[in-house]
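Okay, so here's the structure we're looking at.
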Amino acid sequence: MPKPNENVPRIKREIYLLIALLGLVFFSVRSHLDFIYGISLCFTSVFLFLLLRLFGLRWAMIAGLVSLILIPFDWMHVLHHGILLLEILFVSLFFLNGRAAKMFFVDFFYWITFGLVATVLFYKSFLSGYPLYFQISKEIVNGLFNVFVADMLLAYLPFYKMFSKKKVNPNNVSIHQFLSHITLLSIFIPFSLGSISSVVQANDFSVYQIEDMSKYAMSRLDDEMEHVVNSNGSIDEKALQELVQSDEFANHSFYIVDEKQHVVAARSTNLHLNETYRLKDHYEVDSFSSDVSVALPKEEEGLFSVNRWSNGQFIYEDSLEFAPLNVFFAVPIFSHQEMVYRNLLTQLLHALLLAVCLFLLVGTVSRLFMKNLNKLTVATTGLPDKIKQFEAVEWPRSYIAELRTLTKNLMGMADKIKELFEDSHHMTERLTDQTVMLKKSEDKLHHLAYYDGLTQLPNRLHFQNFVRSLITLDSIQSFAVIFIDLNQFKQVNDTLGHDAGDALLQMTADRLRALQVKHEREVFRLGGDEFVIVHIVQSEAEVHNSLDKIFEEFSHPFLMHDQTLFITPSVGVSMYPFDGDDLDALVKCADIAMYASKEKGGNIAQFFNESMRDRFQQQLIIENALRQVVDCGCGFELFYQPKVKANRVTGMEALLRWNHDELGPVSPGVFIPVAEDNGLIFQIDEWALYQACKQNKQWQDQGLLKIPISVNISAKHFQQDMLVTLIEKVLTDSGLAPQYLKIEITESVFIKDPEHVVKVIEKLKSIGVLISIDDFGKGYSSLNHLLELPIDEVKIDRQFIEGIDLDPKKGLFVNSILDIARGLNLNLVAEGVETEWEKATLEEIGDFELQGYLFSRPVDMDGMERYLYSEITNFSQYYSDN
């Protein structure tokens, strides 16, 4: 029995221990260990378990209930603390009747039953998804860790020395308990280190991603700010807000404030323009990295750490280069927090699997050790008596290899954990690499979307966005849209090949790129051989300056495939806002002006005017009406004009006429080019050819003159392979002999592939059809055509016949052609004879076939039929008189 003076110090130590534990309980209630992303650990239950085991349930519950006054008094915190008290009460009730068990396993049973249900019901009211699963798992792991720490402190610290009575047993750690502690340490320590490593890696990845996305958006903002800053240095807030709201920043949430913290632009529904907004008024802002801060909502009643982080934001702050403005990029923490929770839950699952394996292993090893120890105990029981009685002692055999096996297994488990951590690290690195690759892919897709792959110039989409942005800027008063089309591009493609065409486009792009002045004169390629320059100007004189530079660039030849090519452009110009105040109107006007330039032979610039629009609309009306006529097969009519020689009709020409119900009479000079452009000329020529042959055959069957009929064929037919087949079919269907059909062609058919044209003409000659060259000398004259082609007739253009009686030079020219025609045995036709003096002059020069208004205007079928009847009557009268 201890002496009285020995009990006093022990009582004091007991009281000091009680006070210390109570103080630690109250301190830990207020001092949670908070980490990033709302991860919070509480160690209150460590000291409550020590109070429970050292001083009983009464002091543990008193400490737990008194600590309620130290927490925020709201239902969420009270319920959360109640779960903790329920844990203490459950464990104490288990040991109430003197049951023997390890406190850790009792607490484990609590958490998989009542504790799990209570935690799920509590957190499900304000959490969901991964945050819910993580918070439940964290509470369970935190509780088990606390009871484990308390269990180890009770097992290895000599608390019994502080008590005056034997109410606390001396330390007596069994092998099974020791192995259990080692096993739990081997789980908690790697799991804690792995969790810390995972959170750190996720934190680094989040910072990198936030900084990269924000810096990229800042660079785009800086690039576009020059369009927002006015010439006097002020900020166009409307343009800035439209820039911020553009699709280019659709994936970012940010706002821009001036030096007085006024919001001047925001891509956020929570902020209003011109309001004063200070982040620290609404959030607690702390540094998260060198460039990124974390902004958490100020503490509110019932708000846990996980909620604050879920509702918080990462903030990246930077200043614009061209304006005294600060940009705050806000990235929600929730998605990053969810990623961290998901990784930690995955690691917890791995730790649980490891725990199951380790506990199975420890149980097996513990049973082996205890079996050997029991044998040793039996063998050594009553050992002195056994020696005295000469009894043989049967010593149990023990093998150190079992411990080595356990060590190897533990090492194998550690290697497995290491492999799991390495896999996690490699996965993080792969995610980082994939993020970089996605960034590069995004940049590449952006380039492909907005730039032409062949010339690297901005493409049509870029052009459209650029023009629309100019229209929205109040600082832009006027700009010109200059369309450029290469006149000889198709010939280069057809003759030199598509590779040469691509090379020509690249050289053209390089020359036009040299004219580019950033933010004043931008060059784009729309597609094909079409380029466009957008020039921001103050006056039309600046546009003329740009046009002079364009034509100067095209005045130099293009060197390609050892050939020198002279390429000319057709240029059309529309002006904003005079020709249109939107993109479609400006493009349409510039396109119309460019086609007007092309109609005039190109190499000239045409500014849009309303007369061009009228002509374009008229051409469109004609094209639509022409399609309707061709589709229905009615509306055209053939007129006929006789050819005369020695006062006798020797031939006639079929002329196509079109009299539209609304347009009235439409000249062939108007609708034939339209038909050639849209491909309707093939059907029109086929109809005219068949009707002319059919009518000539009908007149011959009526006993009228058997004379050839001339039909004009478009040069487009000679680019196809069906002309000979078509004429053979028409002759067969109409029954007309081939010598009574004369095909009139212009010299333009020889521009493309003259060798092919010669073969087609030779095939036509082989079936007996006559060939006539119309408008000889008008535009593409070449005596080689007369020498090389198997033709039958040459028609001298009207411009050389008109006034021939008054112009000796025309007479000499016509006389020269006549001499050549006689030498080649060709029939010579003089078109457009309108006066007796012209007729007399031509008859004086030589033997011509004459055609013109002097003899007859083009007449319809009935008029030509009467003309032929009168010709037969005159012929019969002539022979009867003679």
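The values are calculated or read from the model by the stated rules, or taken from the named source; none is laboratory data. The model shown is predicted, which means the values in this text are computed figures rather than measured ones. Using ideal geometry, Cβ is built from the backbone for each residue, glycine included, and neighbour counts are taken over all protein chains shown.
Odds and ends about this structure:
- If you go through segment 119-135 and keep only what is surrounded by fewer than 19 Cβ atoms within 10 Å (Cβ to Cβ) and either in a helix (DSSP H, G or I) or in the same structural domain as R308 (by TED's automatic domain parsing) (or both), you end up with V120, L121, F122, G129, Y130, L132, Y133.
- Lone unmet requirement of (1) on the phi < 0 side of the Ramachandran plot; (2) without any contact (Cβ under 8 Å) to a residue 12 or more places away in the chain for N825: (1)
- Verdict on G115 being modelled with pLDDT of 80 or more and either among the small types (G, A, S) or in a loop (DSSP other than H, G, I, E, B) (or both): yes
- Residue that is nearest to G501 (Cα to Cα), among those in segment 545-577 that are part of a strand (DSSP E or B) and more than 32 Å from the chain's Cα centre (by Cα): M560
- Selection from segment 645-655 of residues that are in a strand (DSSP E or B) and surrounded by fewer than 20 Cβ atoms within 10 Å (Cβ to Cβ): K645, R648, T650, L655
- All conditions in (1) outside any loop (DSSP other than H, G, I, E, B); (2) surrounded by 15 or more Cβ atoms within 10 Å (Cβ to Cβ); (3) at pLDDT 80 or above hold for T432, with the sole exception of (3).
- Residues being at pLDDT below 75 and over 60 Å from the mean Cα position of the chain (by Cα) - total across segment 149-202: 22
- Any chance W658 is in contact (Cβ under 8 Å) with a residue 24 or more places away in the chain, part of a strand (DSSP E or B) and not charged (D, E, K, R): yes
- Qualifying residues in segment 470-498 (those that are modelled with pLDDT of 85 or more and assigned to a helix (DSSP H, G or I)) - the one surrounded by the most Cβ atoms within 10 Å (Cβ to Cβ): L470
- Residues in segment 308-322 that are part of a loop (DSSP other than H, G, I, E, B) and within 30 Å of the chain's Cα centre (by Cα): L320, E321, F322.
- One residue stands out in segment 245-275 among those that are of a type in the set (S, T, N, Q), at pLDDT 75 or above and under 27 Å from the mean Cα position of the chain (by Cα): the one that is surrounded by the most Cβ atoms within 10 Å (Cβ to Cβ), namely S253.
- Residues (surrounded by fewer than 21 Cβ atoms within 10 Å (Cβ to Cβ) and either on the phi < 0 side of the Ramachandran plot or outside the structural domain of V523 (by TED's automatic domain parsing) (or both)) located in segment 556-574: H556, P557, F558, L559, M560, Q563, T564, L565, F566, T568
- Filtered by the rule that a residue be in contact with a helix residue (DSSP H, G or I) (Cβ under 7 Å, 6 or more places away or on another chain) and either closer than 13 Å to E522 by Cα or buried (at least 17 other Cβ atoms within 10 Å of the Cβ) (or both), segment 460-469 gives H462, Q464, V467.
- The residue that is modelled with the lowest pLDDT, among those in segment 118-139 that are among the polar types (S, T, N, Q) and over 19 Å from N343 (Cβ atoms), is S125.
- Number of positions in segment 37-65 that are at pLDDT below 80 and surrounded by fewer than 19 Cβ atoms within 10 Å (Cβ to Cβ): 2
- Between E242, E300, the distinction of being surrounded by fewer than 17 Cβ atoms within 10 Å (Cβ to Cβ), modelled with pLDDT of 75 or more, outside any strand (DSSP E or B) and among the acidic types (D, E) belongs to E242 only.
- Across segment 635-644, a minimum of one residue is classified as touching a residue at least 12 places away in the same chain (Cβ under 8 Å) and assigned to a loop (DSSP other than H, G, I, E, B).
- Summed over segment 706-737, residues that are surrounded by fewer than 18 Cβ atoms within 10 Å (Cβ to Cβ) and either over 55 Å from the mean Cα position of the chain (by Cα) or not polar (S, T, N, Q) (or both) total 12.
- Filter result (crowded, with 21+ Cβ neighbours inside 10 Å and of a type in the set (A, V, I, L, M, F, W, C)) within segment 332-350: I333, V340, L344
- Residue check, D286 in a helix (DSSP H, G or I) and of a type in the set (D, E): no
- Residue pairs meeting the criteria (Cβ under 9 Å; at least 6 apart or on separate chains; first under 19 Å from D151 (Cβ atoms) and among the polar types (S, T, N, Q), in segment 77-101; second assigned to a loop (DSSP other than H, G, I, E, B) and at pLDDT below 80): S92/G56
- Unmet requirement for R525, which otherwise passes all of (1) out of contact with any Ser or Thr (no Cβ under 6 Å at 6 or more places or on another chain); (2) closer than 23 Å to R460 by Cβ; (3) crowded, with 17+ Cβ neighbours inside 10 Å: (1)
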